[in-house]
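Enquirer: For reference, the structure I am asking about is given below.
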Amino acid sequence: MREITESTIHAVETKARSLRRHIISMLGEAGSGHSGGSLSAADIVACLYFWEMNVDPHEPHKPDRDRFVLSKGHAAPVLYAALAEKGFFPVIELDSLRKLGSRLQGHPDMNKLSGVEASTGSLGQGISWAVGMALAERMNGPDRYRIYALLGDGEIEEGLVWEALMAAAHYKLDNLTAFLDHNRLQIDGPIAEVMSPEPVADKFRAFGWETLVIDGHDISQIMQALELARSTTGRPTAIIADTVKGKGCSFMENKAEWHGTAPNREQTIQALEELEVSPQRA
Amino acid sequence: MEKQATRDAYGKALVELGRKYGDVVVLDADLSKSTKTADFAKVFPDRFINAGVAEQNMMGMAAGLAASGKVPFASSFAIFATGRAFEIVRNSLAYANLNVKICATHAGLTVGEDGGSHQSVEDLAIMRCVPNITVVAPADGVSTRQAVAAVYHHPGPVYLRLGRPAVPVIYDESLSFRIGRGIVLRAGKDATLIGCGIMVAKCLEAADRLRAEGIDVSVVDMHTIKPIDRDLIARKAHETGAILTVEEHSVLGGLGGAVCEVVCEQFPVPVMRMGINDQFGQSGTPDDLLEYYGLSVAMIMANTRILLSKK
């Protein structure tokens, strides 16, 4: 499955489109939640769950599983979509998102939903967990596994992120790969206007991370970056993924107001139609 | 009288624990020589992680380690462990209900000369109101050693409050420390002194001196602030009819607050709370500070007499 071929790329692209459809459907059903940042991360998450990572829904706690930490926990819909598609729970349960008693909390809860590795949502904390997990992997031997984290570009305004990045490089955690979903928008507007973390790649490099910059919607590039991360030794890898907030849904793309908004009934239908007829790369 | 700082006992207990259990991992934030986790680091360098001056990341890393099957003991001064890192403790450790032991030293006024910025007078209150967190404040070295082992076997997040100065050893090895069970050290009938941490020894001394005056008080070591021993508090309220709480902490929300909640609901009797009266500390020697803020044996005795007049 880990070969980079036209057919594996196509398979992941198809999955990413499914994830986007699930995201729109569940958010439409929930009536609230984070659309833009879930859609921007769909290709990265699809690549992780359907190409890169060793995870098994039938053995969710197997010791040598790879771990994924959604540090930008508000993008929970993309994680839930991937877990459902992977078989961790029935797809129909996605409709329970954000409802009383649901396992699908507004932000991921590891104690409620199998497959969720970290309870995240308060920004900056997930990457810190991921560093702890990478340290544990070192101690755990002989099982070998890898740890993946996904950060938002608004999220990295949190000071804790930089504490964690510093520690990961200090402890030479080459078993850790962090994606930055660089969609350039946060709740209050463009990150460049609210509180610019730029130049982000330079900052990750300065903090001692092997740093790659890719198109976060190009499955082939994501795969190649993950291959490079695997072959990097002595330091963690950051993959700065240039993305489009709301990707795949024409009326949401590049609009900050879709950060924490769910589509209404008409918008849901329109978005699902767009995702039905057009491949997401179009 | 033999004396030992609870932080010293903690350092030794960690090494014992590390020898017994391979899943014990210790984290510190550049204070390992003061918190005494350096003892563990020396023996088990591969299971010790220094976070540097980054308490938030220390707690986040502890979460990741716990989620991976380790039992992390994360140490810093109380002010930083519960203050600086609060929201990480709340969300990453308590909300996720992870098996992390927050073991904070240098709690209370007896930090001493470093002054009010470093004297945590609110940590018990902060930790007590967070769901899932068990809060323990042992009185001496012997009970600290047993508390560390008990905390290891107690699933879920625990806050263990430890101190800087050497304090009298009040227990011997016959102690059987159980989380959630207060210990009756003196059984008097006139009133009950309920203390925690380093104030327990002072309560004992006050009780012995009061006896010479013909006042016969019970003394309870309420080492577990949450879940607090409701049955024991209600029983002592019933048996002695008056309670004095003594803690090296704000009178708001800590031991005194917890005892009042129980007494009010289960068996109302007069209660007085001794502690720090909603103010910050300052520089000084530990002994001078305790004296200045009224946490002395003489003040415990004086307040007991006042309390008896209210019965």
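The values are calculated or read from the model by the stated rules, or taken from the named source; none is laboratory data. Every value quoted in this text rests on a predicted model; they were computed, and no experiment measured them. In this analysis, Cβ positions are derived from the backbone assuming ideal geometry, glycine residues included, and neighbour counts consider all displayed protein chains.
Enquirer: Look at A:ALA134 and say whether it is among the small types (Gly, Ala, Ser), within 13 Å of chain B (Cβ to nearest Cβ) and either part of a helix (DSSP H, G or I) or more than 23 Å from A:ILE23 (Cβ to Cβ) (or both).
Expert: Judged against the criteria, A:ALA134 is a match.
Enquirer: Is it true that some residue in the stretch B:100-119 is among the small types (Gly, Ala, Ser), within 14 Å of chain A (Cβ to nearest Cβ) and touching a helix residue (DSSP H, G or I) at 6+ places or on another chain (Cβ under 7 Å)?
Expert: no
Enquirer: Only one of (1) facing chain A (nearest Cβ under 9 Å); (2) over 20 Å from the mean Cα position of the chain (by Cα); (3) of a type outside the set (Ser, Thr, Tyr) fails for B:VAL43. Which number is that?
Expert: (1)
Enquirer: B:LEU65 passes all but one of (1) within 14 Å of chain A (Cβ to nearest Cβ); (2) touching a residue at least 12 places away in the same chain (Cβ under 8 Å); (3) surrounded by fewer than 24 Cβ atoms within 10 Å (Cβ to Cβ); which number fails?
Expert: Going through the list (1) within 14 Å of chain A (Cβ to nearest Cβ); (2) touching a residue at least 12 places away in the same chain (Cβ under 8 Å); (3) surrounded by fewer than 24 Cβ atoms within 10 Å (Cβ to Cβ), B:LEU65 breaks only (3).
Enquirer: Among B:VAL297, B:VAL263, B:VAL269, which is under 20 Å from the mean Cα position of the chain (by Cα), hydrophobic (A, V, I, L, M, F, W, C) and farther than 17 Å from B:ALA107 by Cβ?
Expert: Result of the check over B:VAL297, B:VAL263, B:VAL269: B:VAL297.
Enquirer: Does the stretch A:77-95 contain at least one residue that is within 13 Å of another protein chain (Cβ to nearest Cβ), β-branched (Val, Ile, Thr) and crowded, with 24+ Cβ neighbours inside 10 Å?
Expert: no
Enquirer: Tell me which of these A:ARG65 doesn't satisfy, since it passes every other one: (1) touching a helix residue (DSSP H, G or I) at 6+ places or on another chain (Cβ under 8 Å); (2) at pLDDT 95 or above; (3) more than 18 Å from A:HIS182 (Cβ to Cβ); (4) within 14 Å of chain B (Cβ to nearest Cβ).
Expert: If we test A:ARG65 against (1) touching a helix residue (DSSP H, G or I) at 6+ places or on another chain (Cβ under 8 Å); (2) at pLDDT 95 or above; (3) more than 18 Å from A:HIS182 (Cβ to Cβ); (4) within 14 Å of chain B (Cβ to nearest Cβ), just (1) comes out false.
Enquirer: Can you say whether B:VAL148 is in contact with a Phe, Trp or Tyr (Cβ under 9 Å, 6 or more places away or on another chain), in the same structural domain as B:ALA9 (by TED's automatic domain parsing) and in a helix (DSSP H, G or I), as far as the supplied structure shows?
Expert: yes
Enquirer: Tally time: how many residues in the stretch A:105-120 are facing chain B (nearest Cβ under 7 Å) and touching a residue at least 12 places away in the same chain (Cβ under 8 Å)?
Expert: Here the count works out to 3.
Enquirer: Sticking with this one: Restricting to the stretch B:76-95, count the residues that are within 13 Å of another protein chain (Cβ to nearest Cβ) and not aromatic (Phe, Trp, Tyr).
Expert: Of the residues in the stretch B:76-95, 10 are within 13 Å of another protein chain (Cβ to nearest Cβ) and not aromatic (Phe, Trp, Tyr).
Enquirer: Can you tell me which residue is nearest to the chain's Cα centre (by Cα) among those in the stretch A:1-44 that are more than 21 Å from A:SER71 (Cα to Cα) and polar (S, T, N, Q)?
Expert: A:SER18
Enquirer: Still on this structure, please answer the following. If the requirement is being among the hydroxyl-bearing types (Ser, Thr, Tyr), under 24 Å from B:ILE49 (Cβ atoms) and buried (at least 23 other Cβ atoms within 10 Å of the Cβ), which of these qualifies: A:SER128, A:SER35?
Expert: A:SER128
Enquirer: Quick check on the stretch B:118-126. Is at least one of its residues within 21 Å of A:ALA136 (Cα to Cα), outside the structural domain of B:LEU295 (by TED's automatic domain parsing) and either of a type in the set (Lys, Arg) or without any contact (Cβ under 8 Å) to a residue 60 or more places away in the chain (or both)?
Expert: No, the stretch B:118-126 contains no residue that is within 21 Å of A:ALA136 (Cα to Cα), outside the structural domain of B:LEU295 (by TED's automatic domain parsing) and either of a type in the set (Lys, Arg) or without any contact (Cβ under 8 Å) to a residue 60 or more places away in the chain (or both).
Enquirer: Show me the helices (runs of 4 or more DSSP H) found entirely inside the stretch A:166-282 where at least 3 residues are under 19 Å from the mean Cα position of the chain (by Cα), closer than 22 Å to A:PHE68 by Cβ and among the basic types (Lys, Arg).
Expert: Filter on the stretch A:166-282 gives an empty set.
Enquirer: Still on this structure, please answer the following. Among (1) more than 21 Å from A:ALA169 (Cβ to Cβ); (2) of a type outside the set (D, E, K, R); (3) more than 8 Å from chain B (Cβ to nearest Cβ), which single condition is A:LEU123 missing?
Expert: The single condition A:LEU123 does not satisfy is (1).
Enquirer: Taking A:ASP202, is it within 30 Å of B:GLY52 (Cα to Cα), at pLDDT 95 or above, out of contact with any strand residue (DSSP E or B) (no Cβ under 7 Å at 6 or more places or on another chain) and among the acidic types (Asp, Glu)?
Expert: Considered against the rule, which asks whether it is within 30 Å of B:GLY52 (Cα to Cα), at pLDDT 95 or above, out of contact with any strand residue (DSSP E or B) (no Cβ under 7 Å at 6 or more places or on another chain) and among the acidic types (Asp, Glu), A:ASP202 comes out as yes.
Conditions (1) free of Cβ contacts under 8 Å to residues at least 60 places away in the same chain; (2) away from chain A (no Cβ under 12 Å); (3) out of contact with any helix residue (DSSP H, G or I) (no Cβ under 8 Å at 6 or more places or on another chain), marked per residue:
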{"site": "B:ASP28", "(1), (2), (3)": "yes, yes, no"}
{"site": "B:LYS36", "(1), (2), (3)": "no, yes, no"}
{"site": "B:ALA51", "(1), (2), (3)": "yes, no, no"}
{"site": "B:GLU55", "(1), (2), (3)": "yes, no, no"}
{"site": "B:MET59", "(1), (2), (3)": "yes, no, no"}
{"site": "B:ALA74", "(1), (2), (3)": "yes, no, no"}
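Enquirer: Something else now. State all residues of the stretch B:147-164 that are crowded, with 20+ Cβ neighbours inside 10 Å and of a type outside the set (Ser, Thr, Tyr); if no residue qualifies, say none.
Expert: Result: B:ALA147, B:VAL148, B:ALA150, B:VAL151, B:PRO157, B:VAL158, B:LEU160, B:ARG161, B:LEU162, B:GLY163, B:ARG164.
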